[in-house]
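Peer 1: Sharing a structure below in structure tokens format, with a few things to ask.
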Amino acid sequence: MASVRFQNISKRYNEHESVIDDVSLHIDDGEFVVFVGPSGCGKSTMLRMIAGLEDISDGELHIGDRLANDEPASRRGIAMVFQNYALYPHMTVAENMGFALRLAKTPKPEITRRVEAAADTLQIRPLLGRKPKELSGGQRQRVAIGRAIVRDPQVFLFDEPLSNLDAALRGDMRVELSKLHHTLGTTMIYVTHDQVEAMTLADRIVVFNGGKIQGIGTPGELYDNPPSLFVASFLGAPAMNLFDAHLSSIEPMPTSRLASGATIQAAVDASKAAVGDKVTLGIRPEHVAFGTADTLGAVLARITMIEYLGDSAVVHMELPGGGQTLRAKTPGRPADLGFGDTVHVVLPPEHCLLFDSGGQAFPRRP
């Protein structure tokens with residue numbers, strides 16, 4: 001096992017095209033870190049630089065106590081699992097898993113021992129004699145992971161390994177990957193654009209956009225206290241409600257006036273802002289509550305759609321004046337709500353966030 005450290009890493013394909021821009025990050029030995037972000041944000045390029053598949057334009061990459069910039073990929077102690085399983089169709093599962101060891105001239109008894117041990121860990125021992133065409137997608141992915149395990153790497157790299165699987169199988173494989181990390185205790189770096197995978201797998205999440213890190217933290221930290229508007233909008237399903245607004249007062253609690261005319265308070269520290277500043281108000285759908293006309297701070301809204309999700313429902317609403325929509329996530333099936341109904345909604349100050357005109361979050365009040 002080994003830690004991984006980036007120090008001012010940059011990647012350029014030409015003088016004017018920067019894909020990764022001055023990224024610094026320390027990943028602890030044994031940590032499961034997920035790189036997440038939209039397509040083209042640079043997360044896969046970061047993974048390929050760790051693996052030695054891309055050159056580093058500037059900065060330093062340390063794997064354990066070694067400077068790895070110029071180390072060949074074969075000597076970095078890295079094993080990578082790709083989106084494409086890349087299994088040899090003419091080889092059995094056992095032969096596929098042991099192929100890299102055979103190339104390294106590992107003794108046959110040792111290859112057999114490692115392959116069988118990995119197969120037991122992944123619960124695929126009965127499949128060792130099969131060819132890839134005889135396997136399901138999930139089984140092929142386990143074989144690809146097993147091929148990485150037998151190398152006993154210091155660091156595992158996963159490049160969107162579940163994107164070719166159907167939704168149910170992705171859920172099962174997330175559980176298996178989490179178990180695998182707890183079993184092996186090896187440093188794992190996982191790239192995905194799926195924020196559900198990031199939230200369920202990671203010890204820490206690193207959110208990328210435009211070749212820069214937008215946020216680093218545990219899933220709970222980034223979900224509850226996103227440092228920026230980008231992180232707030234990227235993490236969460238359904239997405240956070242966001243409203244353009246202006247500050248109408250700062251004390252005793254910052255109050256924002258929405259385009260609809262509604263005024264909403266947020267329990268944040270806006271002492272560095274001024275009345276009249278443009279802000280963005282945010283609140284997660286699960287924190288939106290329903291009240292009555294007598295409820296303090298209630299806002300009028302009209303229901304435009306209800307999505308039933310089995311154990312919960314997402315109520316879509318429109319605020320007066322048009323143009324601003326609001327989503328509320330409720331447990332169960334709200335039998336007393338229907339299309340076109342006018343309702344009173346409450347946005348509790350303790351759950352409201354404010355972002356300045358540059359997209360940075362105001363700190364929450366203690």
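Only the coordinates and a few stated rules stand behind these numbers; no lab work does. Worth saying up front: this structure is predicted, and the values here are computed from it rather than measured. All Cβ positions, glycine included, derive from the backbone under ideal geometry; neighbour counts span all protein chains shown.
Peer 1: Each label point is 7 Å from the Cα along the Cα-to-Cβ direction; what then is the distance between the points at Asp22 and Ile250, in nm?
Peer 2: About 2.9 nm, to one decimal.
Peer 1: Residue-wise, which Karplus ³J(HN,Hα) couplings in Hz belong to the stretch 117-129, taking 6.51 cos²θ - 1.76 cosθ + 1.60, θ = phi - 60°, and x for glycine or proline?
Peer 2: Calculated HN-Hα couplings, in order: 5, 5, 5, 5, 4, 8, 6, 10, 4, x, 9, 4, x Hz.
Peer 1: Would you compute, from DSSP H runs of 4+ residues alone, the mean residue ellipticity of the chain at 222 nm, taking -39500 (n - 2.57) per run and dividing by the full residue count, rounded to the nearest 500?
Peer 2: Rounded to the nearest 500, it is -7000 deg cm²/dmol.
Peer 1: Order these by the 10 Å Cβ neighbour count, fewest first: Asp356, Asp341, Asp159. Numbers along the way, then the final one.
Peer 2: Working: Asp356 18, Asp341 13, Asp159 21.
Ascending number of Cβ neighbours within 10 Å: Asp341, Asp356, Asp159.
Peer 1: So if I restrict to the alpha-carbon atoms in the stretch 12-61, what is the Rg, and what is Dmax, the biggest pairwise distance, in Å?
Peer 2: Expressed in Å, the Cα Rg and Dmax of the stretch 12-61 come to 11.6, 37.
Peer 1: Let me ask something additional. Counting DSSP beta bridges in the chain, what percent are antiparallel, to the nearest 5?
Peer 2: On the way: 58 of 76 bridges.
Around 75 percent antiparallel, to the nearest 5.
Peer 1: Report the Cα centroid-to-centroid distance between the stretch 1-17 and the stretch 221-244 in angstrom, as an integer.
Peer 2: Their Cα centres are 27 Å away from one another.
Peer 1: What is the fewest-to-most order of His16, His316 by other Cβ atoms lying within 10 Å of their Cβ?
Peer 2: Arranged by neighbour count, lowest to highest, His16, His316 become His16, His316.
Peer 1: Using amide H atoms built in the peptide plane, which far-off residues or other-chain residues are under 5 Å from Arg12 H to H?
Peer 2: Those qualifying (amide H under 5 Å, at least 5 residues apart or on another chain) are Val19, Ser57.
Peer 1: So, one more: Taking 0.36 nm per residue of separation and subtracting the Cα-Cα distance, what length does fully extending Asp55 through Asp29 add?
Peer 2: Additional length available on full extension: 7.0 nm.
Peer 1: Rounded to the nearest Å, what's the spacing between the alpha carbon centres of the stretch 292-340 and the stretch 53-131? Just the number, please.
Peer 2: Cα centroid of the stretch 292-340 versus Cα centroid of the stretch 53-131: 51 Å apart.
Peer 1: Further, regarding this structure: Would you mind checking Lys11/Lys43; Lys105/Lys133; Lys11/Lys212 for any pair whose Cα atoms are more than 23 angstrom apart?
Peer 2: Listed pairs above 23 Å: Lys105/Lys133.
Peer 1: How about the stretch 1-105: which trypsin sites (Lys or Arg not before Pro) there lie in a loop by DSSP and see at most 11 other Cβ atoms within 10 Å?
Peer 2: Filter output for the stretch 1-105: Lys105.
Peer 1: Still on this model: Using the Karplus equation 6.51 cos²θ - 1.76 cosθ + 1.60 (θ = phi - 60°), what ³J(HN,Hα) coupling, rounded to whole Hz, does each residue of the stretch 195-200 give in order, writing x for Gly and Pro?
Peer 2: Coupling constants for the stretch 195-200: 5, 5, 4, 4, 5, 8 Hz.
Peer 1: I would also like to ask the following. Under 1.5 on a/c is rounded, so check that first for the stretch 20-132, then, if it is not, pick prolate when a/b is larger than b/c and oblate when it is not; a ≥ b ≥ c are the square roots of the alpha carbon gyration tensor eigenvalues.
Peer 2: Here the stretch 20-132 falls in the prolate category.
Peer 1: Test of understanding: what is the full-extension gain from Asp65 to Tyr13, defined as 0.36 nm times their sequence separation minus their Cα-Cα distance?
Peer 2: Additional length available on full extension: 15.9 nm.
Peer 1: May I pose another question? Write down, largest first, the equivalent ellipsoid semi-axes of the stretch 174-223 in whole Å, where each equals the square root of 5 times an eigenvalue of the alpha-carbon gyration tensor. Can you show the working numbers first?
Peer 2: Details: eigenvalues 85, 25, 21 Å².
Rounded to whole Å, the semi-axes are 21, 11, 10.
Peer 1: Starting from a Cα-only point model with no solvent, please compute log10 I(q)/I(0) by Debye for the stretch 238-355 at q = 0.17, 0.22 1/Å.
Peer 2: Per q value, in the given order, log10 I(q)/I(0) is -0.80, -1.25.
Peer 1: Further, regarding this structure: Hey, can you grab everything whose amide H is under 5 Å from the amide H of Phe290? Only 5+ residues off in sequence or another chain; H modelled, so Pro and N-termini drop out.
Peer 2: Here the answer is Val346, since their amide H atoms fall under 5 Å of that of Phe290.
Peer 1: Identify all aspartates and glutamates with a Cα-Cα distance to Lys278 below 14 Å; exclude those on the same chain that are fewer than 8 residues away in sequence.
Peer 2: Those aspartates and glutamates meeting the cut-off are Asp244, Asp356.
Peer 1: Quick one: Met173, Met49, fewest Cβ neighbours within 10 Å first, how do they rank?
Peer 2: Listed from fewest to most nearby Cβ atoms, that is Met173, Met49.
Peer 1: Under a GNM of the chain (C-alpha, springs under 10 Å), which listed residue has the highest mean-square fluctuation: Phe156, Phe339, Phe82?
Peer 2: For the chain, modelled as a Gaussian network with Cα springs under 10 Å, the answer is Phe339.
Peer 1: For the stretch 180-188, just list the computed ³J(HN,Hα) in residue order, Karplus coefficients 6.51, -1.76 and 1.60, θ = phi - 60°, integers in Hz, with x standing in for Gly and Pro.
Peer 2: With coefficients 6.51, -1.76 and 1.60, one gets 4, 5, 5, 6, 8, x, 8, 4, 10 Hz.
Peer 1: Further question: Given the options Thr255, Thr187, Thr295, state which has the largest fluctuation in a GNM of the chain using a 10 Å cut-off (strictly under) for Cα springs.
Peer 2: Thr295
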